[in-house]
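The values are calculated or read from the model by the stated rules, or taken from the named source; none is laboratory data. Everything quoted here is computed from the prediction, not taken from an experiment. Here the Cβ positions follow ideal geometry from the backbone for every residue, glycine too, while neighbour counts run over all protein chains shown. Surface accessibility is based on the protein's heavy atoms, side chains included, excluding ligands, DNA and RNA. Shrake-Rupley method; radii C 1.70, N 1.55, O 1.52, S 1.80 Å.
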Amino acid sequence: MKNRILTTVVGIALVIVWMVAMYTPFFAALLAFFCAVGVYEMMKAFEMKNIVLRVFYIIIAAIIPFYFEFRTKADIPLFPVITAIVLFSLVVMVLDFKNLKFEQVICSAFSAVFIPSALSCVVLFRDVYINFPDAYKNKSDGLFFLIFAFFCCWLSDIFALLVGMKFGKHKLAPVISPKKTVEGAIGGIVCCALFNVGLFFLFKYKFNLSEEITLPLILISSVLLSILSIFGDLSASTIKRHKGIKDFGNLLPGHGGVMDRFDSSVAVFPALYAIIITINAI
């Protein structure tokens with residue numbers, strides 16, 4: 001527990017520094033590091049042992065955050081890139097067919113593209129006032145969405161644990177994650193929504209939040225994203241159950257690896273950006 005608390009404190013401090021430096025190269029660089037580690041952990045879970053593909057996928061994972069960072073300056077067509085990744089993966093699989101299974105390759109390739117793309121949505125949150133200038137007028141809108149995204153992931157998890165320990169009686173998914181309870185999940189969703197309401201009013205009256213960001217939108221989004229956060233967590237737990245591992249890694253003492261901490265983020269971040277796009281398309 002001591003290691004878990006210490007890691008949490010250090011992690012919060014790092015996130016604060018990361019947000020302060022959100023308009024510097026450090027923002028994408030730290031994101032690239034965590035994406036690369038997360039993909040490495042997933043490949044380890046999938047028992048990907050081919051060195052060429054492991055290095056290839058880690059490089060892809062590290063590049064994607066920089067693509068999001070500099071996408072307006074480097075308009076690279078994605079379809080040829082994705083095609084090249086798939087074809088290269090298949091070629092290596094054929095050349096090393098004795099040691100590689102198709103499911104290892106496809107799961108690793110998917111992780112190498114999807115995980116960093118999902119986590120890199122934080123760049124899109126930061127730049128929401130650039131991408132949607134008619135709706136969002138201030139840099140504070142981007143900061144709000146960024147903090148809101150993390151709240152939906154982490155507060156749902158924290159309060160689900162606390163409420164579950166105090167009031168939990170009915171198991172949510174006993175085979176996949178025995179410690180999760182229905183009461184804890186409901187408590188996490190409700191408490192997260194309350195904190196997000198507080199965040200909304202703080203930004204509305206202190207940081208000139210744009211009128212497009214409304215209280216009903218935040219409440220509905222908070223509930224939906226908290227539910228997705230739970231399923232993202234359970235999805236990661238399902239993989240660990242199937243692979244017979246407790247954690248994806250040990251980079252974060254007391255928390256496991258990067259994907260143990262950011263498992264729900266890969267579901268919440270792209271879903272939130274999808275909500276933003278949908279709202280602005282109506």
(Q) With Kirkwood's inverse mean 1/r over C-alpha pairs for Rh, give me the Rg to Rh ratio of the range 44-127, two decimals please. (A) 1.02
Q) Out of residues 5 or more away from LYS137 or on other chains, whose amide H comes under 5 Å of its own, with H placed 1.01 Å from N in the peptide plane? A) SER210
Q: Assuming a ≥ b ≥ c are the square roots of the Cα gyration tensor eigenvalues, decide whether the range 90-213 counts as rounded (a/c under 1.5), prolate (otherwise, with a/b larger than b/c) or oblate.
A: oblate
Q. Which of rounded, prolate, oblate describes the range 1-90, given a ≥ b ≥ c as roots of the alpha-carbon gyration tensor eigenvalues and a/c under 1.5 marking rounded, otherwise prolate only if a/b is larger than b/c?
A. oblate
Q. For CYS107, what charge total do you get from the other residues with a beta carbon under 14 Å from its beta carbon, if Lys and Arg give +1 and Asp and Glu give -1?
A. +3
Q: Express the relative contact order of the chain as a whole percentage, based on alpha carbon pairs under 8 Å and six or more residues apart in sequence.
A: 21
Q. Rounded to the nearest whole Å³, what is the per residue volume of the convex hull around the Cα atoms of the chain?
A. 138
**Q.** For the range 1-152: rounded, prolate or oblate by the Cα gyration tensor [a/c cutoff 1.5]
**A.** oblate
Q. Taking θ as phi - 60°, what are the ³J(HN,Hα) couplings along the range 248-260 by the Karplus curve (6.51, -1.76, 1.60), each to the nearest whole Hz, with x for Gly and Pro?
A. 6, x, 9, 5, 10, x, x, 10, x, x, 4, 6, 6
Q) What does the accessible area per residue of the range 192-257 come to in Å², with a 1.4 Å probe and no ligands, DNA or RNA counted? A) 55
**Q.** Sulfur and carbon atoms: percent of accessible area, the range 1-112 [1.4 Å]
**A.** 78
**Q.** DSSP-loop trypsin sites (Lys or Arg not before Pro) across the range 44-100, with at most 11 other Cβ within 10 angstrom
**A.** LYS73, LYS98
Q: Report, as a whole number in µm² per second, the diffusion coefficient that Stokes-Einstein gives for the range 137-207 at 37 °C and 0.692 mPa s using the Kirkwood radius over alpha carbon pairs.
A: 252
(Q) Among ILE245, PHE33, ILE218, whose Cα projects farthest towards the positive end of the dipole of the chain, with charges put on the beta-carbon of Lys, Arg (+1) and Asp, Glu (-1)? (A) ILE245
**Q.** Mean residue ellipticity (222 nm) of the chain, computed from DSSP H runs ≥ 4 via -39,500 (n - 2.57), nearest 500
**A.** -25000 deg cm²/dmol
